1. Go through the range 148-157 and count every residue that is buried (at least 19 other Cβ atoms within 10 Å of the Cβ) and within 8 Å of the ligand (Cβ to nearest atom).
2. Considering the range 132-142 alone, what residues qualify as being touching a residue at least 40 places away in the same chain (Cβ under 8 Å) and assigned to a loop (DSSP other than H, G, I, E, B)?
3. Is it the case, given these coordinates, that F47 is of a type in the set (F, W, Y) and without any contact (Cβ under 8 Å) to a residue 40 or more places away in the chain?
4. Looking at A191, A167, which is the one that is of a type in the set (A, V, I, L, M), within 12 Å of the ligand (Cβ to nearest atom), touching a strand residue (DSSP E or B) at 6+ places or on another chain (Cβ under 9 Å) and assigned to a helix (DSSP H, G or I)?
5. Could you please find all residues in the range 162-182 being in contact with a helix residue (DSSP H, G or I) (Cβ under 6 Å, 6 or more places away or on another chain) and either of a type in the set (G, A, S) or within 16 Å of V94 (Cβ to Cβ) (or both)?
6. Under 6 Å between Cβ atoms, which residue pairs at least 6 apart in sequence (or on different chains) link something in the range 27-44 that is within 16 Å of G117 (Cα to Cα) with a partner that is of a type in the set (S, T, Y) and away from the ligand (no atom under 13 Å from the Cβ)?
7. Need the failing condition index for T143 against (1) buried (at least 17 other Cβ atoms within 10 Å of the Cβ); (2) out of contact with any helix residue (DSSP H, G or I) (no Cβ under 7 Å at 6 or more places or on another chain), just the number.
8. For A212, state whether it is assigned to a loop (DSSP other than H, G, I, E, B) and farther than 26 Å from P49 by Cα.
Amino acid sequence: MPLPRPDGRVRIVPSLLAADFGAIGQAVESVSEAADWVTVDVMDGHFVPNLSFGPDLVRAVRARSRIALDAHLMVERPAVFAPSFAQAGADAVVAHVEAADDPEAFFAVTRRHAAIGLAVKPRTPVDRLLPYLKAIDLALVMTVEPGFGGQNFLFDMLAKVRALREAIDRSGRPVWLMVDGGVNVATVQAAAEAGADALVAGSAVFGATHPAEAVRDLRSMAQDAFERGRKAVR
Ligand code: DX5
């Protein structure tokens, strides 16, 4: 299933980093009625101090489910790795603007296979993303330092979310504004009200007794907050 296009309906995007790695297929199934998109956090041990998944994880999920899937490459060389994730079945591939590879090189090798996204770490100004808004389908503001799940949401990032929301609206282009890290019932409304319409949630979903219910609850809170935020800027 291709990545949905921004349609005013907020998405909660479960992160498989927080799922039971011994039962990834069941984890995807447990959220697939409530979520239409999951994210795979890819880490290379260089760009971030952790190692996680390769393209075969995407291939394994794709063999069992048509759910939309983005591969978030927290890696130094996204232009090297992006094609293998797209060919494994990722509908979108997200690189970091801070990576060693120039974003244009990443776009060139990915664009014909999948939707493309660009992400900024907490200490990177959102201005680094703005020149690429015309070329991407998704802009990702990290609300934790990338590398590990279960961290606390960085509320200082909300100013970046608001600035990016204004820039996306001005561009008139269908670009998702995604936040990732520390999203839960205590933080989801602030993120959505600031303008995020795709919110990654790992611990808050797969740490819950009923993951699908957790997705539905977060989505309902986020949708109301997102609409409040949109009214406030009109
Ligand atoms: C950090 C990861 C996490 C993960 C979500 O590199 O990208 O943000 O997806 O983690 P939680 O929702 O558990 O904070």
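The values are calculated or read from the model by the stated rules, or taken from the named source; none is laboratory data. Being a predicted model, the structure only gives us computed values, none of them experimental. Note that we place each Cβ from the backbone using ideal geometry, even for glycine, and neighbour counts take in every protein chain shown.
1. Adding up the residues that qualify gives 2.
2. Across the range 132-142, the qualifying residues are L133, D137.
3. No; evaluated as a whole, the condition is false for this residue.
4. From the options A191, A167, the qualifying one is A191.
5. A163, L164, A167, V175, L177, V179 - these are the residues of the range 162-182 that are in contact with a helix residue (DSSP H, G or I) (Cβ under 6 Å, 6 or more places away or on another chain) and either of a type in the set (G, A, S) or within 16 Å of V94 (Cβ to Cβ) (or both).
6. none
7. (2)
8. When the stated conditions are applied, A212 does not pass them.
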